[in-house]
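Remarks on the structure that follows.
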Amino acid sequence: QVQLVESGGGLVQAGGSLRLSCAASGIILRINDMGWYRQAPGKERELVATITRNGGTKYVDSVKGRCTISRDNAKTTVYLQMNSLQPEDTAVYYCNAQALITIGSPYRNYWGQGTQVTVSS
């Protein structure tokens, strides 16, 4: 199985910065896309940013220019640098990875347990 372990969440004042990390481990043949999603209280989970294996990135409009997603050379760890944080960024942030664990099986989506980000005004 694939385990995704997130870290880096916390409490920060508006205008501050946080860097989230997510490390994948387990029996993994290959990881394609990785990404970050978030879910605020009473709202649906939404995509924040994704990065392909080749480094292509995509961001939700609300974080463009403030957040940067990146990936390590081994392609198993993904980061989210968040700057100029605002109270509306408060949410639980989840890491996602599309991973292949067995030859001949399809890629599957895996999720981390989530890390809380709270931005105070």
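The values are calculated or read from the model by the stated rules, or taken from the named source; none is laboratory data. The structure displayed is predicted, hence computed values, not measured ones. Note that we place each Cβ from the backbone using ideal geometry, even for glycine, and neighbour counts take in every protein chain shown. Protein only, heavy atoms only, side chains kept; ligands, DNA and RNA dropped before computing areas. Shrake-Rupley method; radii C 1.70, N 1.55, O 1.52, S 1.80 Å.
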So which residues in segment 45-73 are of a type in the set (Val, Ile, Thr) and assigned to a strand (DSSP E or B)? Val48, Thr50, Ile51, Thr57, Thr68, Ile69
Step by step: first the residues of segment 21-66, then only those that are among the hydrophobic types (A, V, I, L, M, F, W, C) and over 11 Å from the mean Cα position of the chain (by Cα), then the one that is nearest to Leu4 (Cα to Cα). Which residue is that? Ala24
What do you reckon, is Gln81 of a type outside the set (Lys, Arg), modelled with pLDDT of 95 or more, open to solvent by 50 Å² or more (accessible area, probe 1.4 Å) and within 18 Å of Thr115 (Cβ to Cβ)? yes
Quick check on segment 52-70: of everything there that is open to solvent by less than 40 Å² (accessible area, probe 1.4 Å) and in contact (Cβ under 8 Å) with a residue 24 or more places away in the chain, which residue is farthest from Ser21 (Cα to Cα)? Val63
Can you work out which of the residues in segment 75-103 that are assigned to a strand (DSSP E or B) and in contact with a Leu (Cβ under 7 Å, 6 or more places away or on another chain) is nearest to Ser17 (Cα to Cα)? Met82
If only one of Gly16, Gly42 is open to solvent by less than 70 Å² (accessible area, probe 1.4 Å), part of a loop (DSSP other than H, G, I, E, B) and either within 27 Å of Ser121 (Cβ to Cβ) or not aliphatic (A, V, I, L, M) (or both), which one is it? Gly16
In segment 92-107, which residues are surrounded by fewer than 22 Cβ atoms within 10 Å (Cβ to Cβ) and touching a strand residue (DSSP E or B) at 6+ places or on another chain (Cβ under 6 Å)? Val92, Tyr94, Asn96, Gln98, Leu100, Tyr107
Any idea which of (1) touching a residue at least 60 places away in the same chain (Cβ under 8 Å); (2) more than 28 Å from Ile103 (Cβ to Cβ); (3) touching a Leu at 6+ places or on another chain (Cβ under 7 Å); (4) open to solvent by 30 Å² or more (accessible area, probe 1.4 Å) is the one Leu29 doesn't satisfy? (2)
Is there any pair linking a residue in segment 108-119 that is within 14 Å of Ile28 (Cα to Cα) and open to solvent by 20 Å² or more (accessible area, probe 1.4 Å) to one that is of a type in the set (A, V, I, L, M, F, W, C) and in a loop (DSSP other than H, G, I, E, B), with Cβ under 9 Å and at least six apart or on different chains, and which? Arg108/Ile101
